[in-house]
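Data first, discussion second: the structure below is written as structure tokens.
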Amino acid sequence: GREVVLHRTSSERAATFLQNPPDWLALPCAACRTKLAASVTQTYQIKDGEDLAVAGLGWVSLRGGDASLALTCPDGILVRRRPGLFGRR
């Protein structure tokens, strides 16, 4: 099987981040949680060198082979496959 590459940070930076989390990391308000409850799980077949772009969030880049990815997100969020934003390594 393939392994996921994790990009790590220092313990000091992680501790600082957890002690002073940014606003975007806060729990959603009650009204927002209701909207988020309507989530959908879809499976995407991604090829080596493609990205899976999630509107308003970012993307996942795939390197080293094809994969099947299951993604759960709020209903109505645009998720698309696209050619990789960065070239192959």
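What follows draws every value from the coordinates through simple rules; no lab data is involved. Just so we're clear, the structure is a prediction, and the values are computed from it rather than from any experiment.
At-a-glance table
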read-out	value
Segment Leu78-Arg63, length gained on full extension (0.36 nm per residue, minus Cα span)	3.2 nm
Reported label for calculated mean projected area of the Cα convex hull in nm² given (i) 7.8; (ii) 5.3; (iii) 6.3	(i)
Full-stretch length increase - Asp48, Ala14 - with 0.36 nm per residue and alpha-carbon distance subtracted	9.1 nm
Residue with peak Gaussian network fluctuation, the chain [Cα springs, cutoff 10 Å], from Ala55, Ala30, Ala15	Ala15
3J(HN,Hα) from dihedral phi, region 21-27, Karplus parametrisation 6.51/-1.76/1.60, rounded to Hz, x for glycine, proline	x, x, 4, 5, 8, 5, 5
